[in-house]
Amino acid sequence: MKNKKLFAIFGDPVEHSRSPLMHNCVFKNLNYPACYTRVHLKDGSKLKETFLSLKLSGANITVPHKEAAYEACDEVRGFAKTVGVVNTIINENGKLVGYNTDADGFMFAIKEFGNIKKILLLGAGGTAKALASRFVQDDIDVTVLNRSASRLEYFKDLVSTCHTWESFKAERYDLVVNTTSAGLKDEQLPAPSKIIQKALENTSFAADAIYGKLTPFLKLAQDKGITYKDGADMLLGQGVLGNELFTNHELKIDDIKIHMSKSFKL
Ligand code: NDP
């Protein structure tokens, strides 16, 4: 019998994560000898030693450790290299190899909104970096709005406009995306109410990277009659691509998707 592989998600907080359920559903239904758990990690600099001490075959990394995960890897491949942000790590014979599957997961999620040409991105953390780079690849005009100025430096040569709350004036957008963690553990909006109200009044669609709850941001979008979605489809998209990496492409992507989708109904 093959040795059972162990996977985990690292985050702080991590108890809300649906990733264990999603991946275990695939492993169980497709008879793949693996199991997926969660690890509450407070100190991102301890990621590598914790990963190795648990003898993990792979891991996902969530807020706030995705940039620390990039640093922890021995090698980084594909889109993760462009953005300096890692959400998936594979153990290749003791070497930690990093990937990023968040951005393609998000593109999968917004397909149903049709042709998106102009986006307001709220937040400037790991997720925002990945999404902004991916949007720019598709020639989408991106404005980044963040609470603090320091994190905007990264975006200055990448997107058309960057603002802190003080300098921002809303334009017309196809989509406003919340990638801040405001609303995750609290009931805060991603920016002062006046700004968010104005942004939502000038957009066709709204999306939040947070899933499993109606955040104050999405509640406001709902109140204004805007078509919106939470981060569940993004999570599904990144999860399917991550599972392909975990199982070394031994499972068919369509089968992974079918079983992972079922986990959302559990
Ligand atoms: P980071 O910690 O890298 O970045 C957080 C960002 O949120 C920063 O720009 C920070 O601003 C901002 N922020 C935090 N708190 C507030 C607040 N109260 N008001 C305004 N801005 C705030 O996080 P990630 O990019 O890794 O993740 C962000 C969110 O996206 C999380 O909620 C995560 O759960 C979700 N996510 C969902 C995924 C999915 O599959 N659905 C995938 C990836 C992420 P500042 O610079 O000023 O500190």
Inter-label distance for Gln137 and Lys117, nm, one decimal - labels placed 7 Å from Cα along Cα-to-Cβ: 2.3 nm
Translational D in µm²/s for the stretch 1-86 (Stokes-Einstein at 20 °C, 1.002 mPa s, Kirkwood Rh from C-alpha pairs): 158 µm²/s
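Tell me, what is a quarter of the convex hull surface for the C-alpha atoms of the chain, in nm² with one decimal? Let's see the in-between values first.
On the way: hull surface 54.8 nm².
That works out to 13.7 nm², a quarter of the Cα hull's surface.
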Rh (Kirkwood; distinct C-alpha pairs) - the stretch 104-230, Å: 14.3 Å
Accessible area per residue in Å² at 1.4 Å probe, computed on the chain: 46 Å²
Accessible carbon and sulfur surface of the chain relative to its total accessible area, %, 1.4 Å: 49 percent
Anchor Lys224: lysines whose Cα lies under 29 Å away (excluding residues fewer than 8 positions away in-chain): Lys111, Lys117, Lys118, Lys129, Lys169, Lys185, Lys194, Lys198, Lys213, Lys265
Gained length - Lys169 relative to Lys55, 0.36 nm times residue gap less alpha-carbon distance: 36.1 nm
Label zone at Asp186, where the point sits 7 Å out along the Cα-to-Cβ direction: the stretch 53-86 residues whose backbone N lies under 16 Å: 64
Packing-based order for 150-162, 178-190, using average beta carbon neighbours within 10 Å, highest first: 178-190, 150-162
Considering only the chain, percent of DSSP beta bridges that pair antiparallel, nearest 5: 20 percent
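The values are calculated or read from the model by the stated rules, or taken from the named source; none is laboratory data. Just so you know, these numbers come straight off a predicted model, no measurement behind them. No Cβ is skipped: glycine too gets one built from the backbone with ideal geometry, and neighbour counts run over all protein chains shown. Ligands, DNA and RNA are excluded from the accessible area calculation, which covers all protein heavy atoms including side chains. Shrake-Rupley method; radii C 1.70, N 1.55, O 1.52, S 1.80 Å.
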